[in-house]
Amino acid sequence: MPRTTSSLTPRERQVLDGVKEGNSNRMVARLLGISERTVKVHLHSIFIKLGAASRTEAVVEGIRSGCITLH
């Protein structure tokens with residue numbers, strides 16, 4: 001069951017947006033100036049908060065809820 005995205009931090013939203021663009025964890029880390037491990041930690045938190053089981057599901061829930069947009 002998906003949860004609200006209002007609990008996502010600004011950084012989690014940035015990570016999710018990077019994933020939405022098709023970037024690997026390594027590339028998201030480079031783009032945001034953080035470690036790949038930190039990206040993984042953020043993704044784990046995002047999965048829990050959104051009730052997602054995969055990167056794709058997290059992106060879909062993020063878009064549905066308006067947390068991230070397609071552009």
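The values are calculated or read from the model by the stated rules, or taken from the named source; none is laboratory data. Here the structure is a predicted model, which means the values were calculated and not measured. Virtual Cβ from ideal backbone geometry, glycine too; neighbours counted across all protein chains shown. Accessible surface is based on the protein model in full, side chains and every heavy atom, while ligands, DNA and RNA are left aside. Shrake-Rupley method; radii C 1.70, N 1.55, O 1.52, S 1.80 Å.
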Subject >> Surface per residue (accessible, 1.4 Å probe) for the chain, Å² >> reply: 60
Original post:
For the range 43-53, in order, what is each residue's ³J(HN,Hα) by Karplus, 6.51 cos²θ - 1.76 cosθ + 1.60 with θ = phi - 60°, in whole Hz (x at glycine and Pro)?
Top reply: 4, 4, 5, 4, 4, 5, 5, 8, x, 9, 9
Original post:
How large is the charge dipole for the chain, taken about the Cα centre, if only the Cβ atoms of Lys, Arg (+1) and Asp, Glu (-1) carry charge, to the nearest 20 debye?
Top reply: 140
**OP:** Give the Kirkwood hydrodynamic radius (Å, one decimal) of the chain, defined as one over the mean of 1/r across all pairs of different Cα atoms.
**Re:** 11.7
**OP:** May I ask you to list the GluC sites (Glu not before Pro) in the range 11-56 that are in a DSSP loop and have at most 15 other Cβ atoms within 10 Å of their Cβ?
**Re:** 21
**OP:** Would you work out which of 58, 69, 43 lies farthest towards the positive end of the dipole of the chain, given +1 charges on the beta-carbon of Lys and Arg and -1 on that of Asp and Glu, about the Cα centre?
**Re:** 43
Subject >> Length-normalised contact order of the chain in % [C-alpha pairs under 8 Å, at least 6 apart] >> reply: 40
